[in-house]
1. Looking at the stretch A:133-160, which of its residues are open to solvent by 40 Å² or more (accessible area, probe 1.4 Å) and closer than 19 Å to A:Trp105 by Cα?
2. Considering only the stretch B:57-68, how many residues are surrounded by 23 or more Cβ atoms within 10 Å (Cβ to Cβ), within 13 Å of chain A (Cβ to nearest Cβ) and out of contact with any helix residue (DSSP H, G or I) (no Cβ under 8 Å at 6 or more places or on another chain)?
3. Got a sec? Which of A:Val274, A:Val287, A:Val269, A:Val229 is farther than 20 Å from A:Leu199 by Cβ, more than 12 Å from every other protein chain (Cβ to nearest Cβ), part of a strand (DSSP E or B) and not polar (S, T, N, Q)?
4. Considering only residues that are more than 11 Å from every other protein chain (Cβ to nearest Cβ) and acidic (Asp, Glu), look in the stretch B:152-205 and name the one that is most open to solvent (accessible area, probe 1.4 Å).
5. Does the stretch A:179-190 include one or more residues that are open to solvent by less than 80 Å² (accessible area, probe 1.4 Å), touching a Ser or Thr at 6+ places or on another chain (Cβ under 9 Å) and free of Cβ contacts under 8 Å to residues at least 60 places away in the same chain?
6. Sort out which residues of the stretch A:191-212 are modelled with pLDDT of 95 or more and not in a strand (DSSP E or B), and write them in order of number.
7. Where the second residue is part of a strand (DSSP E or B) and of a type in the set (D, E, K, R) and the first is within 11 Å of another protein chain (Cβ to nearest Cβ) and open to solvent by 10 Å² or more (accessible area, probe 1.4 Å) and lies in the stretch A:75-104, which pairs have Cβ atoms under 6 Å and are six or more apart or on separate chains?
8. State yes or no: is A:Glu232 open to solvent by 60 Å² or more (accessible area, probe 1.4 Å) and under 23 Å from the mean Cα position of the chain (by Cα)?
Amino acid sequence: MSTFTHTHTGLTARLHRWLGIAAGLASLCLSSSPLAETRASAPHIDVALHHSQDSFAPGTSGYIGLQFKPEPGWHIYWKNPGDTGLEPRLNWTLAEGVTIEDIAWPYPERIPVAHLTNLGYHEEVMLAARYHIDDDVDAQHLNFSVQADWLVCEESCVPGSAQLSIQLPRATDTTDLSPVLDEPFASWQAALPQPMPVLAAKAHARQGQLEIELFAQSLLFQQAEQVEVFLEEKDVVTYDAPEFIAWAKNRLVWRQPLSPYLGTLPPKVRAVIVIDERRAYHIDIPVTSAS
Amino acid sequence: MKTRKHNLLTLCTSAAALLFSLGVNAMVKPGENAPDFTLKDSAGETRSLSDFEGKTVILEWTNHECPFVQKHYGSGNMQQLQSAYTEDEVVWLSVISSAPGKQGYVSGEEADALTDSRNAKPSFVLLDPSGDTGRAYDAKTTPHMYIIDGEGVLQYAGAIDSIPTANPADIEKATNYVNQAMTELASTAPVSEPLTRPYGCSIKY
């Protein structure tokens, strides 16, 4: 009996000592870790959850995003996937006192596959959003979780999903919070369409086509070698049919057949205009139809 | 206006306009007569749409390797639809338009083996390796569903249901467009959603 007690006490003491060492090591690891992230590997794609800060402070904002890296030759989809395909969906689970904005989508590329045209991403892409932390949050740690579902395709498609999370500690000093966006958020931000200031923009549906004509405030199209137009709204136009596009100085004209799956014309569309596959703009355009 | 691209695309647009006016690649829409076709079934017998005049025919484009098809077969959803309708005198035709060597292409024997192993209940499995029938219907995805009434008029074309994912858990939450259209047809009501955007893997023509 006494032997047992002696061993038990000894074990407890040793356990406490090891726990102390472990905790010390852990806190060392946490404070020296780079931007907090978790990763998953899935068929034909790797995903990683990124956070723009190492810690949080009440009353502040940060960015959280899921980075997708498809295998070479494979792609995922834009918010409007095009003729077929399925856009990735992110469902966030956040601690109380944390709210998140909608994801901001980098501009897509056109992806022809056999007899169809889809819109998406071949390269690494991050889908990220800004979040806000209430003033009165007093937790010492905040958990950020995401359930991600996607479709990754080459000619055939593989659906995938992952559940990832990051826990952020409370900042001991608010100067810990970096005001500058590092990678991968810097690249993400650079790939977001910017608002296009226009003198006039209109969209008109006539004879089975949607035509957009706009006059930008500056000579945006003057040096452009290539201009592409994509609508954020699904099923307004079809992308697998030839388009008409012409541009000069500050003027752009674009025509595309209406989608057979279009119900009623929306009152406006949000067009994403990509110039030389390098910079992108967005513009909300009211839609009228031939009477 | 920048002329280089403009001229090339004007040419493309004109050529396309000519093709459209010739009816090539024109999508058959609900309300129109469904195109007749003649295909070999999995047993090697010849079947035509006109063989089934007077009966309602459901066309189901399929590819057993597609995750969206697997969603509906793995869950038993497709088999349940096939049983229910074939018991009700509806002709259910599963159509495979995958080209030889491409995903989903099967021989007649392989198609029958799949039907057995999945306990599927189509009236016939039709093999369309040239893709001619798929293209005649502008079939885009697997699955892609069509309902043709007894008079040969297309009444529904599009998705099997309203939630375009590969997740079987979404089946019970979705509106099944085949059931919806068939119920409306049975009560001689107009089909409320005759044309929906199909979802699935692209057909491997």
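1. Hits for the stretch A:133-160 are A:Gln147, A:Asp149.
2. 2
3. Details: A:Val287 fails: farther than 20 Å from A:Leu199 by Cβ; A:Val269 fails: farther than 20 Å from A:Leu199 by Cβ; A:Val229 fails: farther than 20 Å from A:Leu199 by Cβ.
Matching residue, one of A:Val274, A:Val287, A:Val269, A:Val229: A:Val274.
4. B:Glu172
5. no
6. A:Ala191, A:Leu192, A:Pro193, A:Met196, A:Pro197
7. A:Glu87/A:Lys79; A:Arg89/A:Asp149
8. Details: open to solvent by 60 Å² or more (accessible area, probe 1.4 Å): no; under 23 Å from the mean Cα position of the chain (by Cα): yes.
So A:Glu232 fails the test.
The values are calculated or read from the model by the stated rules, or taken from the named source; none is laboratory data. From a predicted model like this one, the values you see are computed outputs, not experimental measurements. For neighbour counting, all protein chains shown are included, and Cβ atoms are generated from backbone atoms with ideal geometry for every residue, glycine included. Only protein heavy atoms, including side chains, enter the accessible area calculation; ligands, DNA and RNA are left aside. Shrake-Rupley method; radii C 1.70, N 1.55, O 1.52, S 1.80 Å.
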